[in-house]
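Note sheet for the following structure.
The values are calculated or read from the model by the stated rules, or taken from the named source; none is laboratory data. Just so it is clear, the structure is predicted and the values come from calculations on it, not from any experiment. Note: ideal-geometry Cβ built from the backbone for every residue, glycine included; neighbour counts use all protein chains shown. Side chains are part of the model used for accessible areas, which takes the heavy atoms of the whole protein and leaves out ligands, DNA and RNA. Shrake-Rupley method; radii C 1.70, N 1.55, O 1.52, S 1.80 Å.
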Amino acid sequence: MMSYLIAIGIMTSIYGLLTLGLNLHYGYTGMINFGHVAFFAVGAYTSALFAVAGYPITLGVVAGTVAAAVMAYPLGILCLRLRADYLAIVTLSFSEIVRLVIISEEWLTNGTRGLAGIPRPFAGLGYGKADLAYLALVVTGLLVAVLAIRKLTGSPFGRLIRAVRDDEDAVRSVGKDPASMKVKVLMLGGGLAGLAGAFYAHYVTYISPDQFLPIITFYVWIAMIMGGAGTLSGAIAGSAILLVFLEGSRFLRDIVPIVTEVQMASLRLAVIGLALILFMLYRPQGLIADRSRT
């Protein structure tokens with residue numbers, strides 16, 4: 001039971017990092033990014049490739065974070081002058097392109113067979129203690145990210161990106177360039193998703209392209225909407241709620257035994273979708289509302 005709770009804690013923290021990144025994009029800046037999983041995949045594969053090649057895990061995690069942030073730069077330069085709906089379509093396509101590149105470049109990524117044997121930190125501590133130490137590491141990473149974003153959003157730059165979210169034309173009228181600020185935020189959020197990907201790769205020790213489907217992006221959107229867009233505590237709370245739904249719905253089969261495993265997968269999505277609809281109807285601002293919008 002303890003191992004299961006530790007695993008939930010690790011995955012909640014990883015989703016928390018992902019949600020913080022998307023929250024920077026949408027909650028604070030108003031960019032609709034439907035390709036967040038691409039940065040997650042780049043971070044996971046970069047860190048895994050470094051570690052499998054024999055480099056220190058720390059170097060791999062840093063490389064994965066930087067690679068995801070750098071990958072966001074050309075995407076931002078090319079796309080951030082598009083309207084919000086077109087940006088959503090382009091970022092969704094971008095995530096699928098990244099996944100197809102991972103599949104096709106077998107010489108590097110091992111294609112659909114995936115990368116196995118990714119080393120996990122603290123493995124020498126033995127079963128149980130290693131997972132606990134890894135949980136402490138991921139939670140520390142999440143807390144550092146929260147403190148950094150709090151400092152950023154409380155700065156003049158943070159107020160500017162909120163202004164871009166609320167009225168981009170007004171920001172442009174006072175001589176500021178919203179596009180350049182959006183590129184910076186896209187890189188920061190991409191870097192956070194890359195860090196989450198690196199933590200994920202070293203936790204599961206095996207990654208394949210099927211683990212980076214667009215549904216991951218939509219899970220993160222669900223977490224952000226349920227928790228409350230534009231708030232740090234909302235991003236964390238939303239990630240915890242999401243994991244409760246994802247893991248709790250696994251036990252539905254005990255309640256409804258006539259449902260097959262395949263039907264249960266669809267039922268889980270239906271339960272999560274229903275929860276999202278109820279939130280949008282009765283709590284559209286999320287569990288923790290953004291006070292700057294009231």
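Residues are listed down the side, and each one gets a yes or a no for (1) over 18 Å from ILE207 (Cα atoms); (2) part of a helix (DSSP H, G or I); (3) open to solvent by 10 Å² or more (accessible area, probe 1.4 Å); (4) in contact with a helix residue (DSSP H, G or I) (Cβ under 9 Å, 6 or more places away or on another chain):
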site: TYR15; (1), (2), (3), (4): no, yes, yes, yes
site: PHE39; (1), (2), (3), (4): no, yes, no, yes
site: ALA44; (1), (2), (3), (4): no, yes, no, yes
site: LEU49; (1), (2), (3), (4): no, yes, yes, yes
site: LEU59; (1), (2), (3), (4): yes, yes, yes, yes
site: GLY64; (1), (2), (3), (4): no, yes, no, yes
site: PRO74; (1), (2), (3), (4): yes, yes, yes, no
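Within region 107-122, being closer than 16 Å to TYR206 by Cβ and open to solvent by 50 Å² or more (accessible area, probe 1.4 Å) holds for ASN110, THR112, ARG113, ALA116, GLY117, ARG120.
With THR140, THR217 as the choices, which residue is in a helix (DSSP H, G or I), of a type in the set (S, T, N, Q) and open to solvent by 50 Å² or more (accessible area, probe 1.4 Å)? The conditions single out THR140.
For SER104, state whether it is free of Cβ contacts under 8 Å to residues at least 40 places away in the same chain and among the small types (Gly, Ala, Ser). Yes.
Of LEU87, LEU100, LEU20, which residue is under 15 Å from LYS182 (Cα atoms) and either of a type outside the set (D, E, K, R) or in contact with a helix residue (DSSP H, G or I) (Cβ under 9 Å, 6 or more places away or on another chain) (or both)?
Exactly one residue qualifies, and that residue is LEU87.
Say whether the condition of being out of contact with any His (no Cβ under 7 Å at 6 or more places or on another chain), open to solvent by 20 Å² or more (accessible area, probe 1.4 Å) and of a type in the set (Gly, Ala, Ser) is met by at least one residue in region 82-98. Yes - at least one qualifying residue is present in region 82-98.
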